[in-house]
Every structure is written in structure tokens, then in C-alpha cells.
Amino acid sequence: MNSRDPSELDRGRWALKKAARGAVAVTTSAALSLRRSEIDGRSPEIRAFTYHRFGDSELRAPFLVSAERFAQQMRWLADHELAVSLKDVQEFLGGQRELRDGCVLVTIDDGFESVFTHALPVLQRYGIPAVAYVSAGFVDAPSTLARERPERYMTWDELSMLQAAGVAIGSHAHTHRSLGRLMPSEVRDEAARSREVLEARLGRPVTSFAYPFGTPSHYTDETGGILTEVGYDMAFVSTHGCIGRGHDPMRLPRIKVEGGEPMWMFRRCCSGAMDTWAVMDHLVSRWRSLRGIAG
């Protein structure tokens, strides 16, 4: 890992963000409890959780979840039988499968080495299905291509072993560029090349996609249409929210699991405590777009 993690926040921003997320989790949980006590027979809601990197660092990096905390989270999902696979979610969306309210799909973006070294043993220990979304152009690539990376990407051998261990592999575009800011021809190239390379190297169909960055300025109806044209049947964004039956399969929301947060917050996230963070996703995306900031 680099001496300076590019995703690390200063102490003030870290404290402010943790306080804001905690406040949203508490207030939303209270509102959900009231609503559920008043409404019977509501349709089940499931969620996709997003991870990025794993380790034992004390850095104030939201994308870095400690190996110990990740193990606690996966054990909790296993104990409560809430973990589902990508296929389960696809069949749920199409009405072919029933899922319990509060089920969770574990997704991991980018393809960093800690997915293989830290996350995989935990997933295997607790029997948790997961999907890793990989930017194929960065696998085994020179460091100059994957700029400012906080750790190295997995190799093709590691990806093959990850897949053999039961982790599904999806596309995270070829070079992790914002599809919402590219020309249609570039979107098609990013999506198609990634799928073609992953399928050629790993020998299995790749039909699910996770948008790089994934907040509202990074995807559109047009990008979703192009993804469908080049062979994807599911696409995840990074806007928070729940997934219900009949949800648009090319614009599926996800809940980001951040480092430095307690187990009570994770448990509440499973029942919708961070769904309303979508408002913040839209505000931050708008602010970044106005200033030309990626991410």
C-alpha cells in the first residue's frame, strides 16, 4: 500500500461524515420501525452492499473496512441467513424466486488484492456468496495505468482462484472511467471490452455490471441502454436504496459499507437505515459535477 492512502480523510471530515451517517441511521431506523408497525403485508425489500478494500489499517479511509469488522459482518449475515447470491437477486427481480425481507447481496468493487487476501477467506469461512466487480484493464497492468491506486489489483491467477472459490465476477468497466461523462462510442467500448476480456480470461459469462463511481452524474438512461446492447442484464449504481421486485435491473441501488463504523450500524443498514442517504448521494454528485470533480 502507498504511504499516503488517496482515499484517507482528514480528522475533521472523517468525524463529520461518521456523525452524519450515524444520525441518518438512527433517525431512519426509528421511522422504519413506526412504518412497519403500521403496515402489514408489504413487499420484501433486499439490499446490495458495496465494499472496496479490506485490511487492518487505522487510516481514516471510508473505502477501507478492517478485516476484523468484515468478519463480524459476514458472520452476522450467516447467523441470520440473510446473504443471497447474484443469481438469487436476478430471479427475485424477475419474479422467479421469493427472498426474505432484509436479505443482502455482498458486492466488492475495483478488484484490489485485499479482496483475495482478506475478504475471500472470510467469505469461505461463513459461506457467503459475493460478486466482485473488476476493471479488467487494470488486471496485471503497469502501475501507471491504475493511477493513485491504494494497493495493487489482483492478477488473473488470483481472479481465477477467486471465481473457482465461488465468487461471481462482474464488470466495472475497462478502465474505471465515468460512463456518464463519455461519448456513446466510448461507453460501448468501456463496457464491451471489459466483458470480452473477463470472459476470455476467466471462461465464464459476465452479464452484470457496476458503474464506476456510480453516483447520479455517472449513469444515464442512455448508458443503461448501451449496457443492455452489449450483453449485460443487470447494472448496479452507487446511489443508496433498497431493491424491490420489478426494480429496473439496469439501475439497481447499493448501500456503501464504510470503514470505522460499528456493528449496530451494519445491522440497521440491513433493514434500511441508510436507504435515505440517497438524498446525500444526489447532493454530493451535483456539487462534484458543478466543479468538474470525478467520483
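Side notes on the structure shown:
- From 55, 41, 95, residue being more than 22 Å from the chain's Cα centre (by Cα) and at pLDDT 90 or above: 95
- Hey, residue 117 buried (at least 21 other Cβ atoms within 10 Å of the Cβ), more than 21 Å from residue 14 (Cβ to Cβ) and out of contact with any helix residue (DSSP H, G or I) (no Cβ under 8 Å at 6 or more places or on another chain) or not: no
- On inspection, residue 69 passes the criterion of being charged (D, E, K, R), surrounded by 15 or more Cβ atoms within 10 Å (Cβ to Cβ) and over 15 Å from the mean Cα position of the chain (by Cα).
- Qualifying position, being in contact (Cβ under 8 Å) with a residue 24 or more places away in the chain and surrounded by fewer than 16 Cβ atoms within 10 Å (Cβ to Cβ), among 166, 111, 137: 166
- Across segment 49-70, the qualifying residues are those that are in contact (Cβ under 8 Å) with a residue 40 or more places away in the chain and in a loop (DSSP other than H, G, I, E, B), and the one among them that is farthest from residue 116 (Cα to Cα) is 60.
- Verdict on residue 184 being surrounded by fewer than 24 Cβ atoms within 10 Å (Cβ to Cβ) and under 21 Å from the mean Cα position of the chain (by Cα): no
- Some residue of segment 81-90 being basic (Lys, Arg) and assigned to a loop (DSSP other than H, G, I, E, B): no
- Residue, farthest from the chain's Cα centre (by Cα), within segment 216-273, restricted to residues that are farther than 25 Å from residue 198 by Cα and among the acidic types (Asp, Glu): 261
- Number of the condition not met by residue 226 [criteria: (1) buried (at least 18 other Cβ atoms within 10 Å of the Cβ); (2) in contact with a Phe, Trp or Tyr (Cβ under 8 Å, 6 or more places away or on another chain); (3) modelled with pLDDT of 95 or more; (4) not charged (D, E, K, R)]: (2)
- Flag for residue 259 being within 27 Å of residue 141 (Cα to Cα), outside any helix (DSSP H, G or I), among the small types (Gly, Ala, Ser) and in contact (Cβ under 8 Å) with a residue 24 or more places away in the chain: no
- Residue in segment 118-139 that is charged (D, E, K, R) and over 28 Å from residue 78 (Cβ atoms) present: no
- Assessment of segment 96-105 against the conditions (out of contact with any Phe, Trp or Tyr (no Cβ under 7 Å at 6 or more places or on another chain), surrounded by fewer than 16 Cβ atoms within 10 Å (Cβ to Cβ) and within 18 Å of residue 262 (Cα to Cα)) yields no matching residue.
- Scanning segment 100-141 for residues that are within 25 Å of residue 197 (Cα to Cα) and assigned to a loop (DSSP other than H, G, I, E, B) yields a total of 6.
- The strands (runs of 3 or more DSSP E) falling completely within segment 158-244 that include 1 or more residues that are touching a His at 6+ places or on another chain (Cβ under 6 Å) map to 208-210.
Conditions tested, residue by residue: (1) of a type in the set (Lys, Arg); (2) in contact with a Gly (Cβ under 6 Å, 6 or more places away or on another chain); (3) modelled with pLDDT of 95 or more.
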{"residue": "141", "(1), (2), (3)": "no, no, no"}
{"residue": "150", "(1), (2), (3)": "no, no, no"}
{"residue": "158", "(1), (2), (3)": "no, no, yes"}
{"residue": "161", "(1), (2), (3)": "no, no, yes"}
{"residue": "166", "(1), (2), (3)": "no, no, yes"}
{"residue": "169", "(1), (2), (3)": "no, no, yes"}
{"residue": "174", "(1), (2), (3)": "no, yes, yes"}
{"residue": "182", "(1), (2), (3)": "no, no, yes"}
{"residue": "186", "(1), (2), (3)": "no, no, yes"}
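The values are calculated or read from the model by the stated rules, or taken from the named source; none is laboratory data. Keep in mind that this is a model prediction, so the values were computed, not measured. Neighbour counts run over all protein chains shown; Cβ positions are idealised from the backbone, glycine included.
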